[in-house]
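A.B. asks: The structure under discussion is supplied below as structure tokens; questions concerning it will follow.
The values are calculated or read from the model by the stated rules, or taken from the named source; none is laboratory data. Remember, predicted model here, so these are calculated numbers, not experimental data. Cβ placement follows ideal geometry from the backbone for every residue including glycine, while neighbour counts extend to all protein chains displayed.
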Amino acid sequence: MPSSTAAVWPSPGRFALALLIGLAVTLAAAWAGGESLIENLLPATRIVLGWIDDRFGILFLGVEHNWQDTVVRLRVNVVDHFVMGGQVIEPQSDGWLEVTTTTGAMLQPLVIAPALALALPARIHVRAAVFALAALFAAAFLVVDLPLTLHAYVWDIFIDNLEPERFSMLMAWHEFMHAGGRLGVAVILGVAGWWLVQRKAA
């Protein structure tokens, strides 16, 4: 008979129950601390946005509450000229563009990845490590995902109006994320965290 501490694949019902428990934990954590986490990441987000494209100046970057959601709001203006669709876009000190993304969308991998990792079979003494590593991976992804998403929304305004047929790797990535890619990333990160801990513990 297998040891009670051995990692064995659970029945679908037990897996679903464990996943629901994990999701309840991560959703509660996201509700309690997700907004603060994103606010603490905004200084790094501002720096990364400057690295991505210094043709835009950041006028405002913060977390706000609207009538329905909590959102990350970015307001920028053009500070250096560039050409798109045969038109020269000149710096505009008195104009600005504003985009938002919901904190819920940004936190999706951080909610799903640790919960999935926790639901996968593992010895009792390594479950905390599995959960923590998946959460760490998801947090690292958030550091990259947040500035890329905000910048993609800004860039989409120009592409949509000036050069709608233009191919952009950034926009391809953005559309993939918007179409459910974050769920796929969350699954990959959760499984990766679980697999690495299991491999080390074996």
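A.B. asks: Looking only at residues that are surrounded by 20 or more Cβ atoms within 10 Å (Cβ to Cβ) and among the aliphatic types (A, V, I, L, M) in the range 188-199, which one is modelled with the lowest pLDDT?
C.D. replies: Of the range 188-199, the ones surrounded by 20 or more Cβ atoms within 10 Å (Cβ to Cβ) are 189-190, 193-194, 197.
Checking which are among the aliphatic types (A, V, I, L, M) leaves us with 189, 197.
Values: Leu189: 97, Val197: 91.
This residue is Val197.
A.B. asks: Among the residues of the range 87-103 satisfying the criterion of being touching a helix residue (DSSP H, G or I) at 6+ places or on another chain (Cβ under 8 Å), modelled with pLDDT under 95 and not polar (S, T, N, Q), which is farthest from Leu17 (Cα to Cα)?
C.D. replies: Ile89
Table: residues versus (1) basic (Lys, Arg); (2) more than 23 Å from Arg199 (Cβ to Cβ); (3) outside any helix (DSSP H, G or I).
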| residue | (1), (2), (3) |
| --- | --- |
| Val76 | no, yes, yes |
| Pro91 | no, yes, yes |
| Asp94 | no, yes, yes |
| Val111 | no, yes, no |
| Leu133 | no, no, no |
| Leu148 | no, yes, no |
| Ala152 | no, yes, no |
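A.B. asks: Could you tell me how many of the residues in the range 90-125 are aliphatic (A, V, I, L, M) and surrounded by fewer than 18 Cβ atoms within 10 Å (Cβ to Cβ)?
C.D. replies: Keep residues of the range 90-125 that are aliphatic (A, V, I, L, M), which gives 97, 99, 105-107, 110-113, 115-120, 122, 124.
Pick out the ones that are also surrounded by fewer than 18 Cβ atoms within 10 Å (Cβ to Cβ) and you get 97, 105, 124.
Of the residues in the range 90-125, 3 are aliphatic (A, V, I, L, M) and surrounded by fewer than 18 Cβ atoms within 10 Å (Cβ to Cβ).
A.B. asks: Look at the range 136-187 and say how many of its residues are modelled with pLDDT of 90 or more and of a type in the set (S, T, N, Q).
C.D. replies: The total comes to 1.
A.B. asks: Does the range 57-65 include one or more residues that are within 30 Å of Leu116 (Cα to Cα), among the charged types (D, E, K, R) and not in a helix (DSSP H, G or I)?
C.D. replies: Yes, the conditions are met somewhere in the range 57-65.
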